[in-house]
Every structure is written in structure tokens, then in C-alpha cells.
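Taken together, the values in this text are just the output of simple stated rules run on the coordinates, not laboratory data. Predicted, not measured: the structure shown is a model, and the values here were computed from it. Note that we place each Cβ from the backbone using ideal geometry, even for glycine, and neighbour counts take in every protein chain shown.
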Amino acid sequence: MTVTLTETSSSPVRALSARVPVAVVGGGQAGLSLSWHLVQRGVEHVVLERETIAHEWADARWDSFCLVTPNWQCRLPGWPYRGDDPDGFMVKDEVVAFVRDYAASFAPPVHEGVAVTRLAPAPAGGYLLSTSAGEVAADQVVLAVGGYHLPVVPPYATALPERVVQLHSQQYRSPDRLPPGDVLVVGTGQSGAQIAEDLHLAGRRVHLAVGSAPRIARRYRGRDMVDWLHDMGHYDMPVEEHRDGAAARMGTNHYVTGRDGGRDIDLRRFAREGMQLYGPLTGVRDGRFTFAPELAANLDRADRVDDSAKDLVDAYIERTGTDAPVEPRYTPVWAPETEPEALDVDRIAAIVWAIGFRADWSWVRVPVFDGAGYPTHVRGVTAAPGLYVLGLPWLHTWGSGRFAGIARDAEYLADRITELAGSGAPTGLGRALAGAAAASAAGIA
Ligand SMILES: Cc1cc2nc3c(=O)[nH]c(=O)nc-3n(C[C@H](O)[C@H](O)[C@H](O)COP(=O)(O)OP(=O)(O)OC[C@H]3O[C@@H](n4cnc5c(N)ncnc54)[C@H](O)[C@@H]3O)c2cc1C
């Protein structure tokens with residue numbers, strides 16, 4: 001039996017079966033990587049993607065976006081980086097092409113334009129997916145829906161005058177699409193720092209609320225920091241061995257850029273060149289943005305993190321007797337004389353909120369979430385038989401939510417899926433538990 005035909009893009013239109021052994025939700029690099037492994041193993045499956053393949057890369061990045069990670073780390077299963085610039089950083093269109101060409105290379109059973117709106121255990125075993133194309137029953141389900149679901153904007157944003165254009169970093173495209181005038185960028189994670197730089201380079205007057213994000217140098221002692229960290233085994237370290245344990249999953253990424261071949265992002269230099277830096281934005285009062293007096297501390301902290309990464313590289317070089325040029329440490333080129341505490345709202349024409357995302361698993365009605373709403377799992381395997389998550393930051397290692405580590409995680413899950421299918425063991429929650437879960441999700445238990 002088939003449900004409907006709803007694909008939207010150039011991929012071949014396929015009929016979506018009402019019953020499949022495995023359903024993969026999400027057609028980004030994570031869902032595709034898993035699909036590649038399932039194809040190799042001859043496991044029948046579908047990939048359900050509500051937009052198009054590589055949607056996030058194509059539609060949720062700014063125009064001048066480029067990877068922060070070097071191209072050689074773009075290694076999907078059966079699809080290594082093939083270009084002539086392994087140490088470079090692909091720009092947005094190249095990333096989209098990399099992922100879409102990957103899909104074209106093995107024709108995964110992707111159904112584009114199919115949104116999964118609800119996932120619940122089926123009373124008879126397995127899972128039931130409610131989709132925009134009808135109901136689909138699956139023995140096993142993989143949630144490969146990325147780690148960045150809902151853009152965060154603070155509640156006081158609604159109190160700002162309508163004339164101030166407000167965008168989340170996900171919606172920001174280019175300096176010339178913002179109205180003329182000063183721009184306030186809030187947040188200095190990877191997106192905020194790069195967007196502030198993008199505006200600054202275009203000659204826009206930028207006010208930047210500096211958060212507690214760490215920074216890392218692009219290069220040190222003759223090599224990219226990523227190369228050093230790779231050699232030091234950092235990218236193979238499982239999350240359990242991380243100093244912060246599972247809390248690493250919620251950490252903010254270090255700011256640095258791959259733009260123009262890659263370089264540091266030095267907020268102090270920006271300040272010297274005219275960018276106005278503030279501490280974290282705390283709210284809006286009496287027509288003024290207010291800021292915590294933490295600018296100096298946050299800049300110092302970011303430098304300390306950079307220094308500590310360099311300490312590790314120095315120790316590694318020493319320990320292994322590696323031949324590497326000596327390089328002096330970073331010397332701060334600017335420091336605030338006072339902590340700026342306020343900024344008139346009237347001065348600002350546009351705001352870019354770059355304060356991150358929150359997860360939205362509300363459509364997953366399977367009791368596998370912890371008190372904070374994070375799916376409980378071990379290497380992506382949840383306690384509900386046959387339900388998996390893939391592609392989340394630090395799911396297993398640093399690279400789990402990036403290009404670098406998705407191949408390893410996808411292979412691991414493909415093995416678990418194949419084993420479970422071969423064992424004939426039931427999946428889902430069983431009749432009694434599935435009934436209880438459904439009742440609880442409906443608010444009647
Ligand atoms: C600004 C930014 C910069 C980044 N830079 C780098 C970098 O330099 N290097 C690097 O390696 N990584 C980087 N990443 C991290 C990571 O590689 C990307 O987030 C990547 O898109 C993750 O791939 P994914 O397949 O796990 O998830 P996504 O790309 O988010 O794909 C998930 C897919 O699931 C679909 N989907 C979601 N919900 C549903 C549903 N209910 N039903 C059907 N489909 C659904 C979405 O439409 C989407 O296409 C960056 C991330 C961000 C946000």
C-alpha cells in the first residue's frame with residue numbers, strides 16, 4: 001500500500017510505503033550518512049525530509065558563510081573530500097553541493113517535502129509516524145533532525161519599537177539586506193562572531209554584546225589548530241572522557257573563522273577598528289539596552305581558553321619531539337577602559353540575535369527524554385528498542401554534530417539497526433507500555 005507522492009525537488013519521486021522496516025527522519029548529512037550504510041547492508045528504509053536535502057546548509061546560513069572546519073574533515077561514508085584544497089574551508093554553495101552530490105552518488109530513498117509531525121510507539125510494536133504525507137509504520141526509527149531546532153530570541157524583543165529590524169542569526173543573509181544604520185549583534189558564539197565580522201568588513205557600524213563563548217586560534221606553531229587537535233586524539237575522545245562529561249553537549253563553540261582561507265576572530269582588534277563592544281545584553285529599560293559589566297572578563301576568558309589550547313599543543317610537541325616553529329603567544333591589542341552599561345535603542349536600526357537555539361522534541365511521543373528534555377541515549381541508542389538519535393553535538397565525540405564524526409556514528413547505528421532487525425526482537429514499547437505512553441502523551445494518564 002502507498003500513501004501519497006509529495007516530493008518537491010529534483011530527486012526521483014517515489015511512493016512512500018505505509019510500512020517500512022526503518023524510517024530515518026532528516027535528510028541532512030546525518031540522515032544521508034546512515035542511509036548510505038543501510039543501502040550497503042541491503043536494509044530497506046526511507047529518509048523523510050520536510051524540506052530538501054541539505055536544507056539547513058542551503059537555507060539557514062548567511063551568504064558569505066564558510067566552514068570553520070577544514071575541508072579534509074568533510075568525510076561522509078563513501079564520500080571523502082575530493083577537492084584540491086583539503087586545508088581550505090568550503091563556502092556555503094560548495095557545502096550544499098558536497099552534500100547534494102553525495103546524495104546523488106548513491107540515490108538514497110529520500111522523500112523530500114515530507115514532515116514528520118508526530119512519532120509514537122505503535123500498540124502492536126514498532127513506531128507510528130504521522131507525516132504530511134500520511135501515516136507510516138516503522139520497526140525502527142532514527143531521528144537525524146540536527147541539533148538546532150528553534151531559534152532563541154529573548155522575551156523582551158517584543159517590546160522593541162517596530163522600526164528596529166530583528167533577525168535571528170539563522171535568518172541573517174548579508175549586510176546590504178539590513179536597513180542603513182547601526183546594527184546590534186547579540187552573542188559571540190561562532191555565528192555571532194562571524195556575522196559581526198561580516199558586517200564590520202562591509203563597513204557597517206556594529207555594536208556587539210560579547211558573551212562567554214570561548215575562542216581558539218586558527219593556526220599555531222605552523223599548523224591549523226584542527227590538525228594539532230586531530231593528531232592529539234581530541235576528535236576521538238568519547239564524551240564520557242570529556243572534562244565536562246555530558247555537559248559538553250550544551251557548550252558554546254569556540255569562535256574562529258574559515259573566511260578567506262581561515263584566520264582568528266579577534267574582537268579586541270575589531271574594537272580598535274571602531275566596533276563597539278559591550279558585556280552580555282541583559283534587557284531593555286527606559287529606551288536603552290542594558291548590559292552586564294562583564295566585557296573585560298569575557299574577553300579575558302576567551303583568551304585564556306585560546307591559551308590553554310596552545311598549552312596542550314606545546315605539551316604535545318614537547319612530548320612527541322615534533323619539529324615545529326616556536327610562536328609567541330597572543331598579546332591583547334585592546335582592553336575596555338570602562339564597562340559600557342547602556343546603549344540607546346534609538347541608535348539601532350537592526351538587531352541580529354545570535355544567542356543560539358533550543359531543542360524541540362515535542363513531536364516525539366516516546367518516553368526517552370530526561371528532565372531537561374534531552375533524549376537519553378548511549379551513542380545514539382535510546383532505551384526504547386529500535387529508536388535512535390544521530391547528529392547531535394557530542395552525541396559520541398566532538399565530531400558527532402559535525403562533518404568530522406558523523407561517519408563513525410552512522411556506521412555504529414547501522415550496525416545496531418541491522419543486528420536488531422536480524423534478531424527478530426520486538427521494537428517499540430510493547431502493547432501495555434505503548435498504550436500508557438500514548439495516554440500520557442494525550443494528557444489522560
Ligand atoms: C551556523 C552553523 C555553522 C556550522 N559550521 C560547521 C562547520 O564549519 N563544520 C561542521 O562540520 N559543522 C558545522 N556545523 C554543524 C553541523 O555540521 C550542521 O548543523 C549540520 O547541518 C548538521 O547536519 P545534520 O544532518 O545532523 O542536521 P541538519 O542539517 O539540521 O539536518 C536535519 C534535517 O532534518 C529535517 N527535519 C527536521 N525535523 C524534521 C521533521 N520533523 N520531519 C522531517 N524532516 C525534519 C530538516 O529539514 C533538516 O534538513 C554548523 C552548524 C551551524 C548552525
Which of rounded, prolate, oblate describes the stretch 150-270, given a ≥ b ≥ c as roots of the alpha-carbon gyration tensor eigenvalues and a/c under 1.5 marking rounded, otherwise prolate only if a/b is larger than b/c? oblate
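Note down the relative contact order for the chain as a percent, whole number, built from C-alpha pairs under 8 angstrom at least six residues apart. Kindly include the intermediate steps, with their values, before the conclusion.
On the way: 898 pairs, mean separation 97.0, N = 445.
That works out to 22 percent.
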Within the stretch 282-379, which GluC sites (Glu not before Pro) sit in a loop by DSSP and count at most 11 neighbouring Cβ atoms inside 10 Å? E337
How big is the antiparallel share of DSSP beta bridges in the stretch 205-292, given as a percent to the nearest 5? 65 percent
Loop trypsin sites (Lys or Arg not before Pro), the stretch 119-202, which have at most 12 other Cβ atoms in a 10 Å radius of their Cβ (DSSP): R163
Here the percent of antiparallel bridges among DSSP beta bridges lying wholly in the stretch 151-356, to the nearest 5, is 35 percent
Cα gyration tensor of the chain - equivalent ellipsoid semi-axes, whole Å, descending: 40, 27, 21
Show me the trypsin sites (Lys or Arg not before Pro) within the stretch 286-344 that DSSP assigns to loop and that have at most 14 other Cβ atoms within 10 Å of their Cβ. R329
Given Cβ point charges of +1 (Lys, Arg) and -1 (Asp, Glu) and nothing else, what value in debye, to the nearest 20, does the dipole of the chain about its Cα centre take? 780 debye
Along its principal axes, what span do the Cα atoms of the stretch 219-315 show, with the longest given first and each in whole Å? 52, 33, 22
Could you give the C-alpha radius of gyration of the stretch 151-356 expressed as a fraction of 2.2 N^0.38 Å, taking N as the number of residues it contains? 1.11
